[in-house]
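Worksheet for the structure shown next.
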Ligand SMILES: Cc1cc2nc3c(=O)[nH]c(=O)nc-3n(C[C@H](O)[C@H](O)[C@H](O)COP(=O)(O)OP(=O)(O)OC[C@H]3O[C@@H](n4cnc5c(N)ncnc54)[C@H](O)[C@@H]3O)c2cc1C
């Protein structure tokens, strides 16, 4: 969506077709937890910040994405419950507490603000006494992602035509790219792939993009009495100290969202039973954190693909003379997808600047071994990660 909008703006005399296999809002960009995160978090570095130059550029990319979204939401009156409530990174296990301590030193290095919330003060913020420590950082925005992407789709420039429910089933390279779908084909002088893990279905970046699914459940709105029983602030977002832990939100309409559990689905489709299994894990995580309202039922449970790479990098730039891509958001699509889509169009329009150069020169997603070793390795990693997360999950 970001790439299509910016292409249309930079090439006002051209026609841009935005092709989506499903309905806008039904894919992961509409069904995520709604954290528009500003801060870099390099899970491979001891202080989670790593190289300061790289961290500063990632921070600049994320902040630029936030500015784009704020402007679009305001200009087009998109009612997506945007709020500037920041995020809490919360820990319960010793390993999680030490992650927070290390990340603090990284944030000091980066010069970014934070507040440490000790266990006794956590219930007044988050309505739960479950956590031992939290690190509050003020720059994250929270929103309702489905309302956001639907609002963005409704406000696309007039030279963008959106084709929903149009899965591309085959494709030919050439001077013009030909994309086949159930009712015919589309010819285009330029193709931008912004479909995250699914880019490998077009034959590019094979075995470099890992479609890792994650799952979430959301309760019905809490009653006044239930809200009073848990207390805390009206809305908040928690990300886990451990990467395999649980993300939680209290939404502006007073629901609790719980996200955890992962599965590797190379074909892009979840296995039967995965939703039911995830829902059981969500239930356990919810009841541990909110025993006072443990009987509140979930209204919805869903899953969606993130695109991860083994070395936590993305792909940005050319794949062929008339094909380019901005893919592999590594779980941070709201900011990363917005800014890389926008900058991809700028790059095609001839812009060169510090952020574009950084993206072009960044390492590409690492190659992985062939099947069956790939699935064995990824599944073993996911299993081990979830086990090590302990109570953080
Ligand atoms: C439960 C959950 C919670 C998450 N929480 C957050 C969060 O809080 N913050 C955050 O930043 N990120 C979060 N993420 C990750 C985020 O959702 C993704 O990074 C983001 O959706 C990536 O956006 P995208 O548009 O690049 O790719 P996607 O949203 O994956 O979109 C790819 C689109 O391409 C379409 N497509 C694929 N193949 C074809 C084809 N052949 N023809 C036509 N169309 C095709 C698909 O239908 C899909 O809609 C979460 C993800 C999940 C699943």
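The values are calculated or read from the model by the stated rules, or taken from the named source; none is laboratory data. Quantities reported herein were computed from a predicted structural model and do not represent experimental measurements. Here the Cβ positions follow ideal geometry from the backbone for every residue, glycine too, while neighbour counts run over all protein chains shown.
Here are some notes:
- Restricted to the range 11-64, and to residues there that are in a strand (DSSP E or B) and surrounded by fewer than 20 Cβ atoms within 10 Å (Cβ to Cβ), the residue that is farthest from the ligand (Cβ to nearest atom) is 17.
- Residue within the range 369-391 that is in a loop (DSSP other than H, G, I, E, B) and either modelled with pLDDT of 95 or more or buried (at least 18 other Cβ atoms within 10 Å of the Cβ) (or both) present: no
- With respect to (1) out of contact with any strand residue (DSSP E or B) (no Cβ under 8 Å at 6 or more places or on another chain); (2) surrounded by 18 or more Cβ atoms within 10 Å (Cβ to Cβ); (3) at pLDDT 95 or above; (4) over 23 Å from residue 84 (Cα atoms), the lone exception for residue 230 is condition (4).
- Checking 233, 206 one by one, the residue that is without any contact (Cβ under 8 Å) to a residue 60 or more places away in the chain, closer than 30 Å to residue 43 by Cα and not in a strand (DSSP E or B) is 206 and no other.
- With respect to the conditions (1) out of contact with any helix residue (DSSP H, G or I) (no Cβ under 9 Å at 6 or more places or on another chain); (2) within 21 Å of residue 34 (Cα to Cα); (3) surrounded by fewer than 21 Cβ atoms within 10 Å (Cβ to Cβ), residue 281 falls short on a single one, namely (1).
- Selection status of residue 239, more than 15 Å from the chain's Cα centre (by Cα), within 13 Å of the ligand (Cβ to nearest atom) and either in contact (Cβ under 8 Å) with a residue 24 or more places away in the chain or assigned to a strand (DSSP E or B) (or both): no
- For the residues 191, 135, the requirement of being crowded, with 19+ Cβ neighbours inside 10 Å, in contact (Cβ under 8 Å) with a residue 40 or more places away in the chain, within 25 Å of the chain's Cα centre (by Cα) and away from the ligand (no atom under 12 Å from the Cβ) singles out 135.
- Within the range 289-336, being out of contact with any strand residue (DSSP E or B) (no Cβ under 7 Å at 6 or more places or on another chain) and free of Cβ contacts under 8 Å to residues at least 24 places away in the same chain holds for 291, 294, 295, 321.
- All positions within the range 194-208 that are within 11 Å of the ligand (Cβ to nearest atom) and touching a helix residue (DSSP H, G or I) at 6+ places or on another chain (Cβ under 9 Å): 194, 195, 196
- Residue check for residue 366: outside any helix (DSSP H, G or I) and loosely packed, with under 15 Cβ neighbours inside 10 Å: yes
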